[in-house]
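None of the figures in this text is laboratory data; all of them are computed from the coordinates on show. From a predicted model like this one, the values you see are computed outputs, not experimental measurements. Every residue, glycine as well, gets a Cβ built from its backbone with ideal geometry; the counts of neighbours run over all protein chains shown.
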Amino acid sequence: MYHWQLERMTSMKRNLLAILFLGGFLSIAWGDAVILKDGRKVIGRVTEKKEYYEISVDGQTLTFDKDDVRKWVKSPKEITGDADRLIEEAKKIYSEAVEMKDDKAADAKFREALPKVTKAREALAEARDLFPEGHTELDTQLVNVMKLMRLVRERVGSQMAGPPVAVKDAPPPQVVPKVEVRPVEPEPKAEPPPAAFALADAFAILADPAKRGDEKQRGQARAFLKTAAAGKSPVRDAALAAYLVLARPEIDVQPFFKAAPPDKLEALSDKEVGEGIKALAAKVKELRAKGSDPSIEPLTLLASGAASSLIAKNGGKASPEIETAFKDLGFEKSEFGTVWGRKDGLAMEDYRKWVAAGEFALAIVQFQKDYAHLPELAPRYAMCLLMVFKAIQDNRGYSRAASQFEVQARATPTAASRDHLQALAKSVREESPCAACAGTHKINCATCRGKGKFNGQCGKCGGSGKINSFRGDVTCVICKGAGGFKDVKCPKCKETGKVDCRARDCDREVKPPKFENFANAYQCQVCRGRSLLRHVAIPCVECTGIGLILQPKLDPAKLLK
């Protein structure tokens, strides 16, 4: 063996021994979390020293006295505790309640289960928040508890609010980031329809190619349908679908109106309207088999609007014929509630419920598990926004949210949507606070560990209080035998306890941002922030289903469409 090889092996052995030696004296953990007594959570590489902790975050080392730390969390198990037991107990109580014939007794049982599943959910959500990577079992547990919580809430909600018209089983939002909603310019006013104009007349214009090709008649019909769609009658969903389809006068809707004449659609006649829906579903299935066709989405929307109105008229129940038509349209029934739709539509239905409840952590888990594989833009866009809302809620994780926008921008179908997502990512990065200092641009001084003063060891005697001399050990004249000095004014931070943060890109104070710091939000004028249809989940064609039109702060011209 060559001399240089022997030297290299010897050097490697020395390095290994040094690492093992240090491992015996220092406790180092990668990706752990420290929970401070003031409630803050710091995630990074944790090194335990004798009297304090060092945590490396984004290239900046933070120091915290052990007296300031409530808990050093090294494993999710330390947070989840008895969550599994609580879940099993809640499942048992829920199953017992479902079998009960007495509504009041069942309601009491459901309410008994709710705090157990809520406590388990909170523990699992906190554990996943502190350990976002490398613990897939947390995702599985969270998804299971999420499903159980929804089931329990639906039962409690149904007892409190009666039969649901649209599924709104979540409580009012508690911590939803405030989003300023700004009105957009109204559409140009069309000539108002005649005084005797009825809903059947508007449907008749949609049904007749010559009438819907006439701009004046089409405008009158759309104005009437828009008003009808804002009402509360069962036919409003059919009216909204007709209003949107009328924007595409070239679409052939004859298969529907041959089976369901305009007056039958206005009256929501089960037989005729049901036949019209089946005819459109068969047409859509045929077009889809041939490949992409611009008529597929408008025809699907018209069938869905009519079907949703029929379901609303019949107390929320879809007939077997309607369910068959839904399957021909490629729809499936949601796991919760009485909503049908394609996967992307069901995703946006879930998005609105999670946002209303402020349950962003659970929403992210569900989207990653159930919808991450979908090619459509809507659920991917929603996932990005959920991560922004979660970051605002916690005042951390902004970089992860910006990265999500950038990842999705690379997979978007159009240049406009790509530029829009990239502009939002840029806005989030520019206006988000530093992960190390939470935007304060100040961290604890490493010398005094945030106290402004420190107890220092005497440099002359090394802390012994004695100095070796020709006359033997004598008292140190610097520290007068004390070995050190107490309450020394810290020269590094000038007694403030704080120094400037030097983490990557941290060059100023950044206050906890609001959503408006990243984008201006305009209310969608088509869906107005609600589900387009009550019983069929179809993402809004204008806003993809998020209910807002977002204008990136740093590049307002980069709109989604």
- prompt: Order of LYS232, LYS77, LYS498 from fewest to most other C-beta atoms within 10 Å?
  reply: LYS232, LYS77, LYS498
statement: Which residues qualify? For ALA519, with a placed amide H closer than 5 Å and at least 5 residues away or on another chain, they are LYS553
Helix-only [θ]222 nm of the chain, DSSP H runs n ≥ 4, -39500 (n - 2.57) each, per residue, nearest 500: -15000 deg cm²/dmol
statement: the stretch 442-500: relative contact order from alpha carbon pairs under 8 Å, six or more residues apart, as a whole percent, is 47 percent
- line: The size of the Cβ-based charge dipole (Lys, Arg +1; Asp, Glu -1) of the stretch 442-500 about the Cα centre, to the nearest 20 debye, is 160 debye
query: What list of ³J(HN,Hα) values in whole Hz, one per residue of the stretch 493-510 in order, does the Karplus curve 6.51 cos²θ - 1.76 cosθ + 1.60 (θ = phi - 60°) give from phi, with Gly and Pro shown as x?
result: 9, 6, 6, 7, x, 10, 10, 5, 6, 10, 5, 4, 6, 9, 10, 6, 6, 10
Positive-end extreme of charge dipole, the stretch 306-380 - chosen from TRP340, ALA361, LEU310 (charges on Cβ): LEU310
message: Expected output is a single nm value to one decimal: the length gained when fully extending between SER233 and VAL488, i.e. 0.36 nm times separation in residues minus the C-alpha distance. What is it?
response: 84.1 nm
task: Rounded, prolate or oblate: pick one for the chain, where a ≥ b ≥ c are the square roots of the eigenvalues of its C-alpha gyration tensor, a/c under 1.5 means rounded, and failing that, prolate if a/b is larger than b/c, else oblate.
output: prolate
task: Within the set of other residues whose C-beta is less than 12 Å from the C-beta of PHE256, count the net charge using Lys and Arg as +1 and Asp and Glu as -1.
output: +1
message: Using the Cα centre of the chain as the reference point, and only Cβ charges (+1 on K/R, -1 on D/E), how large is the resulting charge dipole? Debye, rounded to the nearest 20.
response: 2200 debye
- prompt: Shape of the stretch 253-340 from its Cα gyration tensor (a ≥ b ≥ c, root eigenvalues): rounded if a/c is under 1.5, otherwise prolate when a/b > b/c, or oblate?
  reply: oblate
- prompt: Which ordering of TRP340, TRP72 is given by a fewest-first count of other beta-carbon atoms within 10 Å?
  reply: TRP72, TRP340
query: Based on Cβ point charges of +1 for Lys and Arg and -1 for Asp and Glu, what charge dipole magnitude is obtained for the stretch 229-341 about its Cα centre, in debye rounded to the nearest 20?
result: 100 debye
- request: Output the lone cysteines of the chain: those with no second cysteine's C-beta under 4.7 Å from their C-beta.
  value: CYS384
Whole-Hz ³J(HN,Hα) from phi, Karplus 6.51 cos²θ - 1.76 cosθ + 1.60, for the stretch 104-119, glycine and proline x: 5, 5, 5, 4, 5, 5, 4, 5, 5, 6, 4, x, 5, 5, 5, 5
task: When a/c is below 1.5 the answer is rounded, else prolate if a/b is larger than b/c, else oblate, so apply that to the stretch 442-500 with a ≥ b ≥ c taken from the square roots of the Cα gyration tensor eigenvalues.
output: prolate
query: In what sequence do ARG150, ARG471 fall when counting other Cβ within 10 Å, fewest first?
result: ARG471, ARG150
message: Placing +1 on the Cβ of each Lys and Arg and -1 on the Cβ of each Asp and Glu in the chain, which of VAL284, TYR52, CYS458 has its Cα farthest towards the positive end of the resulting dipole?
response: CYS458
task: Please work out the FRET efficiency for the pair ARG471 and LYS37, using the Cβ-Cβ distance as r and a Förster radius of 51 Å; give the result to the nearest 0.05.
output: 0.50
task: Give me the distance in nm between label points sitting 7 Å out from Cα along the Cα-to-Cβ direction at SER56 and LYS561, one decimal.
output: 4.9 nm
Most positive-pole-ward Cα, LEU36, ALA204, GLN408, against dipole of the chain from beta carbon charges: LEU36
query: Given LYS41/LYS369; LYS453/LYS494; LYS101/LYS147, which pairs have Cα atoms separated by over 18 Å?
result: LYS41/LYS369; LYS101/LYS147
message: Within 10 Å, Cβ to Cβ, of ALA204, how many net charges do the neighbouring residues add up to if Lys/Arg are +1 and Asp/Glu are -1?
response: -2
- request: Estimate the FRET efficiency between THR118 and ASP394 by the formula 1/(1 + (r/R0)^6), using the beta-carbon distance for r and 25 Å for R0, to the nearest 0.05.
  value: 0.85
message: Using a 7 Å offset from the Cα along the Cα-to-Cβ direction at both ARG528 and GLN457, what is the distance between the two label points in nm, to one decimal?
response: 7.2 nm
